[in-house]
Amino acid sequence: MFLEKMYRSSNLPLKYLLGFFIIALFYVIGQIPLTFGLIAKSLVSGKPIPKTNVEILKVFSPNTTLFLMLSIFVFTMLGIIIVVKYIHKLRLIDIITTREKVDWKRIIFAFCLWGLFTLCSTIILYYASPENFVFNFKPLPFLILFLIAMTMLPIQTSTEEFIFRGYLMQGFGILAKNRWVPLIITSAAFGLMHIMNPEVEKMGYFIMVYYIGTGLFLGIITLMDDGMELALGFHAANNIFTALLVTSEWSALQTESVFKDVSKPSAGLEILVHVVIIFPILLFIFSKKYNWTNWKEKLTGKIKTEVIKPFENFESYE
């Protein structure tokens, strides 16, 4: 019933067009602090305003850059809230889950599971190839990074989940009237969103297999669990632990982390290991813990539009 929840909003095509415009507008507004900062820095230094992501990442300190970039998602989140509440006249929880309340235990479980895996795999990689890492820990910058990571990165990851696994997945579900089309489209869109990341330039387009595969994995657990709590926990853990543990000169998240990866960037077997082995293992763990059944229907079945009736007004729904 997760994809069907948006049917409670009437006149959907026009509302979706307006909603996309408003969310995009808030995303653009969110870039104003970063843009003004770059202009001011350019005027002071006399250097041209940086245009590429790689150039932008080198203008400010890592913590300042991270803060300004994450501020974009604070504004975007505000746009999502406005669209859901005032355009569709629904509650924000309607694009999050089918449960009466957000299941924080699910979020915490996914967060801890993936966070523990990321921590352990980082330690193993460090001891297996210590020449690929430089100890980068500096107490004060790391403390600032920790505060930014714990407060703003969850907003960034939740914003992406609300858009791709919530708003867009439900919207394409309404258009296609089935489940597999929104799953494929949002997974591909999530992957393509990362195509401008510095990693793609350094590693090649093969890394897109990981990004699209991650989008597919997050979409599957959202559909199977009738809510995005697990996706929210996983995504937050992925970005937070990555930001705190390892950075590099060629990554989208260049932070004051504990370690710096100085190895030559490459995308190969480890990408396939994540997509073909690790993600299926996580699906198995989640399925056993939450008793998932009827996989074919939940991932490819039709949306039962006849069981959903639009509410006449927002007040009646609340």
Open item on the list: Anything in segment 112-128 that is surrounded by fewer than 17 Cβ atoms within 10 Å (Cβ to Cβ) and over 24 Å from the mean Cα position of the chain (by Cα)? List them, or say none.
Closed with: ILE123, ILE124, TYR127, ALA128
Open item on the list: Suppose the filter is open to solvent by 50 Å² or more (accessible area, probe 1.4 Å) and either of a type in the set (Gly, Ala, Ser) or at pLDDT 95 or above (or both); does SER71 pass it?
Closed with: no
Open item on the list: Quick check on segment 19-40: of everything there that is in contact with a helix residue (DSSP H, G or I) (Cβ under 6 Å, 6 or more places away or on another chain) and under 30 Å from LEU175 (Cα atoms), which residue is most open to solvent (accessible area, probe 1.4 Å)?
Closed with: TYR27
Open item on the list: Can you go through MET203, MET169, MET208 and tell me which one is crowded, with 22+ Cβ neighbours inside 10 Å, modelled with pLDDT under 95 and hydrophobic (A, V, I, L, M, F, W, C)?
Closed with: MET169
TODO: Looking at (1) open to solvent by 30 Å² or more (accessible area, probe 1.4 Å); (2) touching a residue at least 24 places away in the same chain (Cβ under 8 Å); (3) not hydroxyl-bearing (Ser, Thr, Tyr), find the lone condition where GLU161 falls short.
DONE: (1)
TODO: Scan segment 172-189 residue by residue and report those that are touching a Gly at 6+ places or on another chain (Cβ under 8 Å) and open to solvent by 20 Å² or more (accessible area, probe 1.4 Å).
DONE: ASN178, ARG179, VAL181, ALA188, ALA189
TODO: Please report, ordered by residue number, the helices (runs of 4 or more DSSP H) entirely within segment 1-85 with at least 1 residues that are β-branched (Val, Ile, Thr) and at positive phi.
DONE: none
Open item on the list: For the condition in a helix (DSSP H, G or I), out of contact with any helix residue (DSSP H, G or I) (no Cβ under 6 Å at 6 or more places or on another chain) and among the polar types (S, T, N, Q), what is the one hit in THR242, THR222?
Closed with: THR242
Task: Residue that is at pLDDT 90 or above, within 21 Å of the chain's Cα centre (by Cα) and of a type outside the set (S, T, N, Q), where the choices are LEU18, LEU57, LEU3, LEU92 - done: LEU92
- [ ] Hey, could you check segment 239-271 for residues that are β-branched (Val, Ile, Thr) and more than 20 Å from the chain's Cα centre (by Cα) and say which is most open to solvent (accessible area, probe 1.4 Å)?
- [x] VAL262
Task: Test for ILE184: is it over 14 Å from the mean Cα position of the chain (by Cα), modelled with pLDDT of 95 or more and under 27 Å from LYS296 (Cβ atoms) - done: yes
Task: Members of segment 287-298 that are touching a residue at least 12 places away in the same chain (Cβ under 8 Å) and over 16 Å from LEU183 (Cβ atoms) - done: SER287, LYS289, TYR290
- [ ] Kindly indicate which of SER257, SER287 is touching a helix residue (DSSP H, G or I) at 6+ places or on another chain (Cβ under 9 Å), at pLDDT 95 or above, closer than 19 Å to THR157 by Cβ and among the hydroxyl-bearing types (Ser, Thr, Tyr).
- [x] SER257
Open item on the list: Looking at the structure I just gave you, is ALA236 in contact with a Pro (Cβ under 8 Å, 6 or more places away or on another chain), surrounded by 22 or more Cβ atoms within 10 Å (Cβ to Cβ) and hydrophobic (A, V, I, L, M, F, W, C)?
Closed with: yes
Open item on the list: Checking LYS105 against (1) open to solvent by 40 Å² or more (accessible area, probe 1.4 Å); (2) over 28 Å from LEU283 (Cβ atoms); (3) assigned to a helix (DSSP H, G or I): exactly one of these is not met. Which one?
Closed with: (2)
- [ ] Quick one: LEU43 ticks every box in (1) open to solvent by 70 Å² or more (accessible area, probe 1.4 Å); (2) of a type in the set (A, V, I, L, M); (3) in contact with a Ser or Thr (Cβ under 7 Å, 6 or more places away or on another chain) except a single one, so which number is it?
- [x] (3)
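The values are calculated or read from the model by the stated rules, or taken from the named source; none is laboratory data. Here the structure is a predicted model, which means the values were calculated and not measured. Backbone-built Cβ (ideal geometry, glycine too); neighbour counts: all protein chains shown. Protein only, heavy atoms only, side chains kept; ligands, DNA and RNA dropped before computing areas. Shrake-Rupley method; radii C 1.70, N 1.55, O 1.52, S 1.80 Å.
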